[in-house]
Amino acid sequence: MKEKIITKKILKWYDLNKRSLPWRKKVSLEKKQYYTLISEFMLQQTQVTTVIPFFERFIKNLPSINSLAKVNDKKLIKLWEGLGYYSRARNLKKTAKIIISKYNGKIPNNYGDLISLPGIGNYTANAILAIAFNKSYIPLDGNIERVLKRYLYLKKDKEIQKDNLIEKKSIFGISSRASDYAQALMELGAMICKPKNPECSGCPIPKKCKSFKKKDFDLAKITKKNKEKYFILKVYKKNQKYLLVKNTKFNFLKNLSIFPMEELSNPKNFNKNLNFKMSNMNMNIKIQYLKNAKRFSSSYWFDKKKLDNYMLPTFTKKVVKYLEKN
Ligand code: SF4
């Protein structure tokens, strides 16, 4: 396989500059595949620096697909606590169970099987195939997308559509070191071609970079508007304790402890007390203090003084903090 000049330059830069990350450690092939699965799930919506301690704690507690498939939900959520987007943890366990039952404990090494697993979409399948199996895939994450947009100076709406970017990523070429190359491209975006103030002086490919030539590094984006949502959040308090329920009602924070809530559609004169951004929603929250706790299924009284002893999503912790201050 003849590598393009751009490929060689980026790989050479990576060899000299790559960060030492826990999932890049030299380990057996089986462990590498497991580490890639875990890190890619964690990195789906979270930054590398945030993920590192969570990843280390996770693999220390659950060192193999087998242990992940068998872990009880309480421990799993506790290990994920703080990373947010808990559906990733639940999907990870479902995926591990399928890998055990259907693939004899081995992570599949082809796109069709990978994409059929819970929580694995096009990007994650590409990343696993490249990083864990050294296959010639380039997963188009935010970092690689940024390098591509800047290198080719892609600004127009039709140029920055996903389909066009997928087509254009072929300019990076391919390498027999596919695992390193996918990570090299991600690393270049993360370390050098940063969202703000790219460090072009340390970049291995400035000569043919169109943004560098034009000295225009602004990135065009297709803006997605967050959906406005309205909720009444009900606060029942008894002897310094708050009533929480297990959420089986809403698609977000599924099965986690939240205050009882009701969603309103297009309310008039809605005076919010709190605002919270989650996934693609902008949550407008009005707090209602109530006296007689109704019977809620799967509810419990939560002692605010022992906040750290509970497995609570960040959302609920923020509401508690707000209530304590106001
Ligand atoms: S030269 Fe600058 S803008 Fe171009 S790819 Fe490198 S870091 Fe990004």
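State whether the residues of region 38-52 include one that is more than 19 Å from the chain's Cα centre (by Cα) and among the hydrophobic types (A, V, I, L, M, F, W, C). Scanning region 38-52 turns up no residue that is more than 19 Å from the chain's Cα centre (by Cα) and among the hydrophobic types (A, V, I, L, M, F, W, C).
Screening region 251-263 for residues that are assigned to a strand (DSSP E or B) and surrounded by 14 or more Cβ atoms within 10 Å (Cβ to Cβ) and picking the one that is farthest from the chain's Cα centre (by Cα) gives 261. Picking from residues in region 209-250 that are within 30 Å of the chain's Cα centre (by Cα) and among the hydroxyl-bearing types (Ser, Thr, Tyr), the one that is nearest to the ligand (Cβ to nearest atom) is 211. Residue 136 meets all of the listed conditions (1) away from the ligand (no atom under 16 Å from the Cβ); (2) among the hydroxyl-bearing types (Ser, Thr, Tyr); (3) buried (at least 20 other Cβ atoms within 10 Å of the Cβ) but one, namely (3). The residue pairs whose first member lies in region 179-198 and is outside the structural domain of residue 17 (by TED's automatic domain parsing), whose second member is more than 12 Å from the ligand (Cβ to nearest atom), and whose beta carbons are closer than 9 Å, counting only pairs six or more residues apart or on different chains, do not exist in this structure. Could you please let me know if residue 326 is loosely packed, with under 13 Cβ neighbours inside 10 Å and either at pLDDT 90 or above or over 23 Å from residue 90 (Cβ atoms) (or both)? Spelling it out, residue 326 is indeed loosely packed, with under 13 Cβ neighbours inside 10 Å and either at pLDDT 90 or above or over 23 Å from residue 90 (Cβ atoms) (or both).
Answer with yes or no whether residue 8 is closer than 25 Å to residue 170 by Cα and in a helix (DSSP H, G or I). Taking the combined requirement at face value, the residue satisfies it. Against the condition surrounded by 12 or more Cβ atoms within 10 Å (Cβ to Cβ) and touching a residue at least 12 places away in the same chain (Cβ under 8 Å), how does residue 227 come out, does it pass? Here the answer is no, as residue 227 does not meet what is asked. Return yes or no: is residue 305 part of a helix (DSSP H, G or I) and within 25 Å of the chain's Cα centre (by Cα)? Taking the combined requirement at face value, the residue does not satisfy it. When region 31-67 is examined, which residues are found to be touching a residue at least 40 places away in the same chain (Cβ under 8 Å) and over 18 Å from residue 88 (Cα atoms)? Selection gives 32 alone. Taking every residue in region 143-160 that is of a type in the set (Ser, Thr, Tyr) and pairing it with any residue that is within 9 Å of the ligand (Cβ to nearest atom), at least 6 positions away or on another chain, the pairs with Cβ-Cβ distances below 6 Å are 151/209; 153/210; 153/211.
Can you find a residue that is more than 16 Å from the ligand (Cβ to nearest atom), surrounded by fewer than 12 Cβ atoms within 10 Å (Cβ to Cβ), charged (D, E, K, R) and under 28 Å from the mean Cα position of the chain (by Cα) anywhere in region 264-281? Scanning region 264-281, I find at least one residue that is more than 16 Å from the ligand (Cβ to nearest atom), surrounded by fewer than 12 Cβ atoms within 10 Å (Cβ to Cβ), charged (D, E, K, R) and under 28 Å from the mean Cα position of the chain (by Cα), so the answer is yes.
If we scan region 194-208, do we find a residue that is surrounded by 11 or more Cβ atoms within 10 Å (Cβ to Cβ) and more than 10 Å from the ligand (Cβ to nearest atom)? Yes.
Out of 49, 36, one residue alone is of a type in the set (Ser, Thr, Tyr), within 24 Å of residue 279 (Cβ to Cβ) and part of a helix (DSSP H, G or I). It is 49. Checking 70, 74, 25 one by one, the residue that is under 25 Å from residue 109 (Cβ atoms), at pLDDT below 95 and surrounded by fewer than 18 Cβ atoms within 10 Å (Cβ to Cβ) is 25 and no other. Among the residues of region 92-113, the one identified as more than 22 Å from residue 76 (Cα to Cα) and buried (at least 20 other Cβ atoms within 10 Å of the Cβ) is 108.
Matching residues to (1) under 27 Å from residue 86 (Cα atoms); (2) of a type in the set (S, T, N, Q); (3) surrounded by fewer than 20 Cβ atoms within 10 Å (Cβ to Cβ); (4) in the same structural domain as residue 87 (by TED's automatic domain parsing):
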| site | (1), (2), (3), (4) |
| --- | --- |
| 10 | no, no, no, yes |
| 14 | no, no, no, yes |
| 36 | yes, yes, no, yes |
| 40 | yes, no, no, yes |
| 45 | yes, yes, yes, yes |
| 48 | yes, no, yes, yes |
| 53 | yes, no, yes, yes |
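Within region 55-64, the residues that satisfy the criterion of being surrounded by fewer than 16 Cβ atoms within 10 Å (Cβ to Cβ) and under 12 Å from residue 80 (Cα atoms) are 56, 57, 61.
The values are calculated or read from the model by the stated rules, or taken from the named source; none is laboratory data. Just so we're clear, the structure is a prediction, and the values are computed from it rather than from any experiment. Glycine gets a Cβ as well: all are built from the backbone with ideal geometry, and neighbour counts include every protein chain shown.
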